[in-house]
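K.L.:
This is the structure I have questions about; it appears just below.
The values are calculated or read from the model by the stated rules, or taken from the named source; none is laboratory data. As the structure is a prediction and not an experimental result, all values here were calculated from the model. Backbone-built Cβ (ideal geometry, glycine too); neighbour counts: all protein chains shown.
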Amino acid sequence: MYRLNQQAWQILNQEIKKAIANDPVLGTIQGEIVQQRLERLRKQQGKPAGYEELSEQIKDMLPNFPDKILKKAAKVNQGSSPLSILPWLGVGVVGVGGLAGLIWVLNLPYPMIRRPVAKVAPIILLPSYISMDRNYREAIAHVEQADQLINQATSYADIELGAAKVQAAQKNLDALPVWFLGYEPVAIGSLWNFGWRFTFDEYKAARASVGRMEAKVFQETNADQQFQEAETKLTQAHQQYQQATTNSEKQTALNNWQQAIDQLTQLPSSTFAGKQAKTKLIAYQRDFQQISGTEAGASRSNILIGAAQQFSHAASTSCSQTPLAVTQWQQCESLWQQAISRLEQVPLEDPGYLEAQTLLANYRVNLGQVQIGLQNERASLEAFETAQRETESLLASFPSQPQEKDYNRVRSQLHSIINELNKVQPQSTVYPQAQSLLASAEKKLQEL
């Protein structure tokens, strides 16, 4: 019969899934280890696992596992009592047809069978004691070998070999009956001179060591998978960057490159993969910084030049239709200043520096023209307003019965008004009004 039947396995597996759900990080790893142990019990032939053995298989990984579930599973797993085979022992011997079958039955790992035989004919149990001795020695050897390979690995092949040794040690420990430990080894060791005393505490220590190494192998395997994935991503990103033809493609490649490096930095430093990654990261990060620095400079200059060109386009569009009011000239001046400010931020070492300087020279010329236009508009507006004030003053002070001296004063004021109106520039907003007022003033001067 199998050591763990289907019904008992289902009871335990349901509770393990609950433990994994309660703790998705550690519970997943520990739960998978326990499931692997139970799977081995399902495939092994021998005495059905009892409460103590099931507890040892589970409690070291899942210490909060409910005892009532363990007891329920152990009860379901036992089926009929081992005592029930005793009445049929004689029939079984006859059925198998010989002494070999009888010896095999008597060497089964059932205390109720073995103890009466051990009192009267212990030599009959010699085959099982030899098997226990062999499994004990192999378990110790496999545990030591696994510890050396896993904890002092020089390559991932050592980890894989260590994992195989852990499985072998687990198989050896599974072959040692838990009930046998603690009292039988002393008597049998002195009777048959096996020379070993494998107590229950030592058994638990070996189990715990195997459990720790199973967890270590699980961690090492996951870390190696992440390491291989990161290495592949990094190689692909490097090739993608070399084949990129646009800035967008290059930036995508650099993002993938950075993600691969980040994945390498997140590997646990205690794992073999983490130690490998640490030695390679220095070169990977140096290459990435060199390339990303160049690309960052190019990207920065492209962004600044692009922004400057946007301001330039806005200024050209806004200032092309003259005449412009003072506020419009000021807006144009601000746009050109913004464009120039962006170009002045392009560093000398950036690839786009020469292009920025070429545009900067043109933009400064355009800014100068705008500033001249603003100055002319202000001067024209001031002259026109002065002419208007003088005209209003002249009209208000002209007497109803003028004398010769009044005409002389009017002529002088008209000359002053004409001079102010002549200061108004043709491209100013008040030029049409100034020309109309100028014609009126000149006509009035001729009449006088």
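K.L.:
On the given criteria, is residue 366 out of contact with any Asp or Glu (no Cβ under 6 Å at 6 or more places or on another chain), over 30 Å from residue 413 (Cα atoms), outside the structural domain of residue 443 (by TED's automatic domain parsing) and surrounded by fewer than 16 Cβ atoms within 10 Å (Cβ to Cβ)?
P.N.:
no
K.L.:
Separate question: What are the pairs with Cβ atoms under 6 angstrom where one residue, in the range 28-55, is in the same structural domain as residue 16 (by TED's automatic domain parsing) and part of a helix (DSSP H, G or I) and the other, located anywhere, is among the polar types (S, T, N, Q) and buried (at least 17 other Cβ atoms within 10 Å of the Cβ)? Sequence gap at least six, or different chains.
P.N.:
What qualifies is 37/57.
K.L.:
What residue, among those in the range 56-77 that are touching a helix residue (DSSP H, G or I) at 6+ places or on another chain (Cβ under 7 Å) and assigned to a loop (DSSP other than H, G, I, E, B), is surrounded by the most Cβ atoms within 10 Å (Cβ to Cβ)?
P.N.:
61
K.L.:
Here is a follow-up. From the list 228, 251, which residue is modelled with pLDDT of 85 or more and surrounded by 12 or more Cβ atoms within 10 Å (Cβ to Cβ)?
P.N.:
228
K.L.:
Pull up the range 262-273, narrow it to residues that are of a type outside the set (Val, Ile, Thr) and under 16 Å from the mean Cα position of the chain (by Cα), then point me to the one that is surrounded by the fewest Cβ atoms within 10 Å (Cβ to Cβ).
P.N.:
Restricting to residues being of a type outside the set (Val, Ile, Thr) and under 16 Å from the mean Cα position of the chain (by Cα), the top hit is 262.
K.L.:
Here's another thing I want to ask about it. Taking the condition crowded, with 17+ Cβ neighbours inside 10 Å, of a type in the set (Lys, Arg) and not assigned by TED's automatic domain parsing to the domain that holds residue 356, does residue 280 pass?
P.N.:
It is false that residue 280 is crowded, with 17+ Cβ neighbours inside 10 Å, of a type in the set (Lys, Arg) and not assigned by TED's automatic domain parsing to the domain that holds residue 356.
K.L.:
Taking the options 383, 356, 387, 325, name whichever one is touching a helix residue (DSSP H, G or I) at 6+ places or on another chain (Cβ under 8 Å) and touching a residue at least 60 places away in the same chain (Cβ under 8 Å).
P.N.:
Of the residues listed, the single one that is touching a helix residue (DSSP H, G or I) at 6+ places or on another chain (Cβ under 8 Å) and touching a residue at least 60 places away in the same chain (Cβ under 8 Å) is 325.
K.L.:
Could you tell me whether the range 315-322 includes any residue that is in contact (Cβ under 8 Å) with a residue 40 or more places away in the chain, touching a Ser or Thr at 6+ places or on another chain (Cβ under 8 Å) and more than 30 Å from residue 410 (Cβ to Cβ)?
P.N.:
Checked against the condition, which is being in contact (Cβ under 8 Å) with a residue 40 or more places away in the chain, touching a Ser or Thr at 6+ places or on another chain (Cβ under 8 Å) and more than 30 Å from residue 410 (Cβ to Cβ), the range 315-322 yields no hits at all.
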